[in-house]
Each structure stands twice: as C-alpha cells, then as structure tokens.
1. Can you pull the mean other chain C-beta count within 10 Å for peptide B:182-189?
2. Rounded to whole Å and sorted largest first, list the principal axis extents of the Cα atoms in the stretch B:1-159.
3. Relative to the other copies, what are the label-point distances for B:His259, with labels 7 Å from Cα along the C-beta vector, expressed in nm at one decimal and sorted shortest first?
4. Fully extended, how many nm does the chain gain between B:Thr118 and B:His259 (0.36 nm per residue separation, minus their Cα-Cα distance)?
5. Specify the angular offset, from 0 to 90 degrees and rounded to the nearest 10, of the alpha carbon long axis of helix A:172-183 from the longest principal axis of the alpha carbons in chain A.
6. Would you mind giving the mean number of other chain beta-carbons within 10 Å of the Cβ of each residue in A:170-176, as a whole number?
7. Counting only other chains, and only Cβ atoms inside 10 Å, what mean value do you get across the residues of A:130-140?
8. Treating the point 7 Å from Cα along Cα-beta-carbon as the label, what are the nm separations from A:Gly167 to the other copies, to one decimal?
2 protein chains.
Amino acid sequence: MAQSTVKMMMREFDAYIFDLDGTVYLGEALLPNAGETITRLREMGKRTVFLSNNPTKTREEYAQKLTRLGLPTPDSDVINSSYVMVDFLQRRMPGAKLFVVGEQSLRDELTKAGFTLTDNASEVDAVIASFDRTFEYRKLQIAFDAIRHGARFFATNADRYCPVPGGGEPDAAAMIAAIEACTDTKIEAVVGKPSAYMAEAILGLLDLPAERCIMTGDRLETDVLMGLNAGMAGALTLTGATSEAMAAQSDIIPTYIIHHLGELLPI
Amino acid sequence: MAQSTVKMMMREFDAYIFDLDGTVYLGEALLPNAGETITRLREMGKRTVFLSNNPTKTREEYAQKLTRLGLPTPDSDVINSSYVMVDFLQRRMPGAKLFVVGEQSLRDELTKAGFTLTDNASEVDAVIASFDRTFEYRKLQIAFDAIRHGARFFATNADRYCPVPGGGEPDAAAMIAAIEACTDTKIEAVVGKPSAYMAEAILGLLDLPAERCIMTGDRLETDVLMGLNAGMAGALTLTGATSEAMAAQSDIIPTYIIHHLGELLPI
C-alpha cells in the first residue's frame with residue numbers, strides 16, 4: 001500500500017518544514033543530500049523552517065548548529081516546543097503565573113516573554129511540564145499542590161525519551177506521567193508535535209495556507225501526523241527512526257515516502 | 001443495595017486484619033471504639049494484624065505507634081508493603097541485584113534480607129519503585145537504563161498520594177508512572193494492597209484459611225477488595241475515605257459496612 005506512494009510525483013510547495021534529528025542531521029553530521037537539497041530549495045525562493053520538540057535547547061542553538069554544519073539559518077526559521085508554549089500561553093493566558101517543571105532554557109524563554117514564574121503553589125495559574133533533567137521530588141510536590149489548588153496543566157512535548165549516543169534520556173512523558181498519576185488529572189494540552197498548536201505557530205510564522213506547505217520528518221506519529229492534521233503534505237524520510245516496514249504497518253499514511261531529502265526537489 | 005448489608009449478622013472470625021489510617025486511628029488519635037474493640041477481640045483469643053501500604057515507615061514504627069496509643073502490639077503483627085516486597089522477592093528472585101527508587105527504610109529492609117542494591121544499570125535484575133520523597137532525575141535515568149537492559153520492574157504500592165494534614169504527598173503511583181512512561185514498559189507487579197501478594201503474606205503469617213479471616217478498612221478498592229479477592233470477609237468502615245454514598249456507587253460489595261470497629265464484635 002504505502003510503497004506505491006514512493007513513486008508519486010513530487011509536487012512543488014512554497015514552504016518546506018523539516019524535523020531536525022534523523023531528518024536533516026544525525027548527531028553532528030548532515031544526512032546525505034540534506035545540505036544540497038535545502039540550499040537548492042532556498043535558491044528556488046522556497047521558505048525553509050526547522051522544528052524540534054526538544055525544549056531544552058533554544059532556537060539560537062539550533063540555528064547555530066545548522067549554520068555550523070553549512071546551512072546558514074536565522075534564529076527565526078527555527079521553532080521548538082518552548083517557542084510554541086510561549087505562543088500558546090500568550091494567546092490564551094497572558095500574564096499568567098507559572099510553575100515550570102523544566103530546565104533553565106524554558107524558564108528563561110517564559111520569563112523573557114513576560115510570564116511570572118513562582119514556586120508558591122497557591123498562586124500558580126498553570127503548571128508547565130517539560131523535559132527536565134533537574135526533575136526532583138520538590139517540583140513534583142509543588143506541581144501536585146498547585147493542580148489541587150486549581151492550576152491548569154500543560155506540557156511542551158510528550159516524548160518518552162530523547163535519544164543520545166548509546167541510549168536515551170527520560171523525556172517529558174515521564175514528568176507528565178508522574179504529575180498525572182499523583183494528581184489523578186489528565187494533561188490539558190501538549191503543544192509540541194503532533195499538536196495543532198505547533199502547526200498553528202508554524203503557519204502563523206509562514207503566513208501561508210497549509211496546502212502550500214510540506215512537513216518532512218522521520219517519525220509518522222509526530223512529524224507526519226502533525227503535517228497531515230494541519231492540512232499540509234506530509235513526507236516520511238527513511239533516514240531516521242522509521243523503516244519502510246514500520247511505515248507499511250502504520251495507520252498514518254504519509255503523502256510521500258522518501259529515502260533522502262533530495263527526493264523533495266520538484267521534478 | 002449495599003445498605004442492607006449493614007444489618008447483616010456479624011459472624012465470628014479467628015483473625016481480624018485492619019488497615020491503619022482511617023480505620024484504627026486518624027493522625028495521632030484512635031478512632032471511636034477502636035481501642036476497646038481490638039482489646040476485646042484479643043481477650044477473646046482472636047488474632048489481630050495491622051496492614052499499611054506505606055513503605056516509608058518500618059513495622060517497628062507502626063507497632064510503636066499503636067502501643068503509644070494504648071494498643072500494645074508486637075512488630076510481628078504489622079505488615080507493610082516493604083515487608084511484602086521482601087517476601088515476594090525472597091520467594092521469586094532470591095539473591096537478586098536491585099535498584100531501588102525508594103527511601104532509606106525500604107533500602108534497609110531489602111539489604112537486611114540479603115539483597116544487593118546497586119546503581120549500576122547493567123547489573124540490575126529488578127527495579128523496585130516505591131513512595132520516594134528523595135526521587136530525582138538521576139534515579140529515573142538509572143531505572144530507565146536498567147529496564148532497557150532487561151531488568152524486571154516491581155513496586156511496593158501504587159497509591160496516588162499519601163494524605164498529610166492539609167494536603168498530600170505524591171506517592172508511588174508517580175514514580176511508577178514516570179518509569180513506565182519513559183521506558184514504555186508496564187509494571188509487572190505491585191505487591192501492596194489490593195494485590196494477592198499482600199494477602200499471601202498475611203495468610204502465611206497467620207497460618208489460617210482465608211475464610212476464618214476478616215479484613216477491615218476504609219477503602220473499597222484496596223482494603224476490602226484485597227480481602228474479598230483472597231477469600232476473606234471484607235468490612236468497610238465509614239470512618240475514613242469512603243462514605244456510604246460512595247460505597248453505594250461502587251462495584252465492590254463489602255461483606256459488611258460498619259460505622260465503627262465496635263460493630264465487628266460478634267453478637
């Protein structure tokens with residue numbers, strides 16, 4: 001079924017949105033054809049935007065990394081789940097007092113955007129759960145108290161673990177689950193991929209209709225699903241977490257399956 | 001429906017098993033009729049046994065508290081979820097190397113029982129999750145690595161939170177959920193109430209058939225359910241977490257519903 005889509009004629013889009021790890025690069029090296037393809041798309045006048053669910057690095061860090069690897073990229077062409085969280089909260093709870101189960105970079109982005117961070121459970125308007133390698137019981141206790149006091153409960157992302165050489169680091173799914181379990185309260189929204197909030201932030205940045213955009217990534221259930229749900233085309237690249245066999249068993253049917261980013265170039 | 005069971009004639013049993021908080025005492029005071037009833041049962045030659053799901057206090061501490069409140073109790077008449085975990089592991093994994101997400105008292109009980117505790121994920125045979133007010137990311141990482149290396153995964157108890165004056169403390173459900181979420185691995189066994197492992201440890205201690213025992217507690221889904229599942233009678237006391245209205249809506253039908261422990265005395 002899915003295999004037949006490989007041979008589908010590649011359409012031309014106005015904006016090309018890319019997942020990063022496993023799609024554009026792996027660790028410290030660009031994946032085959034990634035650099036040439038993205039450079040060529042830019043020469044053709046296409047917009048290129050890069051996405052990450054990882055809230056522990058800033059947009060600047062991703063832009064610097066892409067630039068270092070040979071793809072000069074402004075900070076404004078990178079969107080991560082911290083950025084989407086700021087956008088989400090500014091639209092819905094401007095001026096809210098927040099308790100953050102997260103790392104310093106997320107705390108900094110929220111403070112810079114004008115939100116007040118507090119450890120005082122009784123004044124917390126929303127608990128923000130995130131990938132937090134400084135997670136500890138004290139934070140769990142404050143989140144518990146705040147939610148029982150009526151605070152709302154959101155998360156940047158819901159990844160189970162973040163791949164690192166030789167293994168993984170427990171990611172935001174662990175922090176969310178711990179808070180959900182003790183409070184018996186389901187998280188209200190996760191703003192990272194595959195949520196509509198991330199798509200909303202991207203389309204807000206691009207100011208283009210969704211059907212002029214294509215989202216490319218190595219995971220069906222986050223990258224491709226988000227694109228399809230938002231009305232974009234969705235391309236699965238086989239350079240990362242998903243094999244062709246895995247794709248054939250999934251209910252999520254990408255618009256295109258490609259072996260490398262070079263296949264995105266319109267014929 | 002359930003109300004009619006209040007008027008059921010109280011049978012006589014050989015052993016009376018009690019939950020503690022909300023059943024025998026609340027905080028630092030015995031509940032009405034609790035002291036007199038347990039003293040009278042003992043005078044009649046009945047066995048009395050006390051249970052707690054809380055793994056952070058030792059059997060000695062519970063025995064001392066009961067004694068202080070006027071009910072002299074030997075350590076051996078108290079069973080908590082740490083004790084059941086030791087019993088469970090001794091039967092199934094003697095000599096196992098364990099990584100404990102838990103507090104010092106649990107670590108001590110496991111060490112005393114001859115188990116080796118290790119932080120080296122690659123040599124862990126089983127991860128033991130528990131109520132842990134010293135929980136931190138470092139422990140989550142070791143549990144993650146160990147389970148991905150093939151370690152088994154058990155917990156002392158699965159309570160969402162432990163009631164404390166004015167609120168609660170996030171309990172073992174949070175630690176279990178965090179580990180389950182990042183590893184995508186379901187816990188294999190929770191040995192505390194309402195599990196059959198706890199009933200097995202009680203009946204092993206009493207050396208009596210289950211039908212000669214009655215389990216009394218203030219929670220249907222832990223205390224009463226455990227008793228009924230094990231073949232004991234199960235009495236719900238309305239002195240704690242469960243009201244008569246809540247009981248009427250539950251699928252768990254206790255053998256008796258009582259207003260205080262005095263109603264346990266055979267007519």
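1. Details: counts 13, 6, 3, 0, 0, 0, 0, 0.
Neighbouring Cβ atoms belonging to other protein chains average 3 per residue here.
2. 56, 39, 28
3. 8.1
4. On the way: separation 141, 0.36 × 141 = 50.76 nm, distance 4.71 nm.
Gain in length upon complete extension: 46.1 nm.
5. Tilt of helix A:172-183: around 30 degrees.
6. Working: counts 11, 3, 2, 7, 12, 5, 3.
Neighbouring Cβ atoms belonging to other protein chains average 6 per residue here.
7. On the way: counts 0, 0, 2, 4, 2, 8, 7, 10, 3, 3, 9.
Whole-number average of other-chain Cβ neighbours for A:130-140 is 4.
8. 3.3
The values are calculated or read from the model by the stated rules, or taken from the named source; none is laboratory data. Note that the structure is a prediction, hence the values are computed from the model and not measured. Cβ: placed from backbone, ideal geometry, glycine included. Neighbour counts: every protein chain shown. Side chains are part of the model used for accessible areas, which takes the heavy atoms of the whole protein and leaves out ligands, DNA and RNA. Shrake-Rupley method; radii C 1.70, N 1.55, O 1.52, S 1.80 Å.
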